[in-house]
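Single-structure report; data block below.
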Amino acid sequence: MEEYLGFQLKNLGDVLMTLPALALLKKHRPGCRISMVLRPLTAPLLENHPLVDEVIVHRFKPRGLDLFNSYKLSRSIKKKGYSASFHFDGQLRGGLLAYLAGLPVRAVGLGLLGVSGLRCPRLYNRRIILRDQNSAWESLALSHQKLVAAVLGLEAEPDIEVPGPAVPEEAAVKAGALLDSLPGQGPVIGLTLSGRQKEKSWPLDFWAEVIKTLGAENNARFYVAGEAGERPLADNLAGLGGAFLGNFCGLTGLLDFVALARRSDLFLTVDTGSAHLVSLTSTPLVTIFTATNPVQWGALSPRQARLCYNWALARFGLTDGPFTGYPIVSPCEVIEAARSFLRPVPQSSGRPSETRRI
């Protein structure tokens, strides 16, 4: 049996961008086993995912390589007899682990990471050029898939289906209890107001106008989900919006959040990890790109609208692409995008299955 090892020691969105690559592996090597090396924060998302057979949690210190623990983990990896390792993150600590374990194929992508971002290239014996150095027109998900395809002698498949995660019953029950706390009978709309980077945020008074309008038109029920630090922001929005707003910030783990999104009718967010989590469901998604690349970082959702600031498009040379840019994404644009998803779906079509495409 072939065994493959993937490294992704970055953040949530980075982890989810590897799923199409894992789907390609499973499709063309159906008997293989896939293990993923992840940080403790992101590990729960793939621990019960149908594409991943084992999650290896790497508890490392943020600064420094912690050589003793790295050596111990490398010994454990060596015993598994992996056919190849794929270094989706290009981080030195993952390359060192695979090198110390003596894995026969240690593959990393150039162009995706940038030559200047790859330290100690000799740790990898397969350094694959994925695209032009300055290309901004390819999603990170497709680039990861090309890395796997190059090692296995395959072609990337942009339309490959990616299953969603298995959500445990306790997460579904918790999500149901939170949503039952929202008064009314209208559609449920989830929000995430800000990202870890301040430049990703959208003005709070814009959010207030959105919830006022959609609440009046649809009797919509709203909640805010995110990290605990966003609770004061959600409370402030409730005051500005003049409506009841479920403040679920800090109350949900990763799989709780997925269960919550699955039971929502729409999700509105800035470009942050929440968008990628919602993309694991069939819930429609509206994402506001204030500063980041909507091609590289667009979520895998099959039902989404990406609303982009002109500055974000110009920053990455995307002004001649398919996205309509705005000097400022105003509440009007978000409301119109939301309306398009809140319209009744024809009975014959139903909701799409829980699969994603690049």
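The values are calculated or read from the model by the stated rules, or taken from the named source; none is laboratory data. Quick caveat: nothing in here was measured; it's all calculated off a predicted structure. We place every Cβ from the backbone using ideal geometry, glycine too, and count neighbours over all the protein chains shown.
Of note:
- Checked against the criterion of being in contact with a Phe, Trp or Tyr (Cβ under 6 Å, 6 or more places away or on another chain) and outside the structural domain of T287 (by TED's automatic domain parsing), the candidates Q8, Q91 yield just one match: Q8.
- The residue list T269, T213, T287, T281 contains one member that is out of contact with any strand residue (DSSP E or B) (no Cβ under 9 Å at 6 or more places or on another chain) and either of a type outside the set (A, V, I, L, M) or not in a strand (DSSP E or B) (or both), which is T213.
- The conditions of being surrounded by fewer than 19 Cβ atoms within 10 Å (Cβ to Cβ), in contact (Cβ under 8 Å) with a residue 12 or more places away in the chain, hydrophobic (A, V, I, L, M, F, W, C) and under 21 Å from T42 (Cα atoms) are not met by L300.
- Scanning the range 268-312 for residues being aromatic (F, W, Y) and within 14 Å of the chain's Cα centre (by Cα) gives a total of 1.
Each row is one residue, and each column tells you yes or no for (1) modelled with pLDDT under 90; (2) in contact with a Gly (Cβ under 6 Å, 6 or more places away or on another chain); (3) more than 30 Å from N48 (Cα to Cα).
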{"site": "A220", "(1), (2), (3)": "no, yes, yes"}
{"site": "A243", "(1), (2), (3)": "yes, yes, yes"}
{"site": "N247", "(1), (2), (3)": "no, no, no"}
{"site": "S264", "(1), (2), (3)": "no, yes, no"}
{"site": "F267", "(1), (2), (3)": "no, yes, no"}
{"site": "V270", "(1), (2), (3)": "no, yes, no"}
{"site": "T283", "(1), (2), (3)": "no, no, no"}
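- For the range 159-187, taking the residues that are outside any helix (DSSP H, G or I) and either free of Cβ contacts under 8 Å to residues at least 12 places away in the same chain or of a type in the set (V, I, T) (or both), the one that is farthest from Q145 (Cα to Cα) is identified as V167.
- Qualifying residue in the range 30-39 (condition: in a helix (DSSP H, G or I) and of a type in the set (G, A, S)): no
- Pairing residues of the range 42-53 that are under 14 Å from G13 (Cα atoms) with residues that are crowded, with 17+ Cβ neighbours inside 10 Å and of a type in the set (V, I, T), at Cβ distances under 6 Å and at least 6 apart in sequence or on separate chains, gives T42/V15; A43/V55; L46/V52; L46/V55.
- Residue within the range 38-52 that is out of contact with any helix residue (DSSP H, G or I) (no Cβ under 6 Å at 6 or more places or on another chain), assigned by TED's automatic domain parsing to the domain that holds R93, over 29 Å from G195 (Cβ atoms) and not hydrophobic (A, V, I, L, M, F, W, C) present: no
- Of all the numbered requirements in (1) at pLDDT 95 or above; (2) of a type in the set (A, V, I, L, M); (3) closer than 20 Å to T42 by Cβ, V167 misses one, and that requirement is (1).
- For the range 235-261, filtering for residues that are farther than 19 Å from G176 by Cβ and assigned to a loop (DSSP other than H, G, I, E, B) leaves 2.
- Filtered by the rule that a residue be among the charged types (D, E, K, R) and in contact with a strand residue (DSSP E or B) (Cβ under 7 Å, 6 or more places away or on another chain), the range 27-71 gives R33, E47, D53, E54.
- Screening the candidates D256, D235 for the property of being over 17 Å from the mean Cα position of the chain (by Cα) and either among the aromatic types (F, W, Y) or under 28 Å from E170 (Cα atoms) (or both) yields one hit, D235.
- Scan of the range 67-100 for residues that are at pLDDT below 90 and farther than 20 Å from N11 by Cβ, ordered by number: L67, F68, N69, S70, Y71, K72
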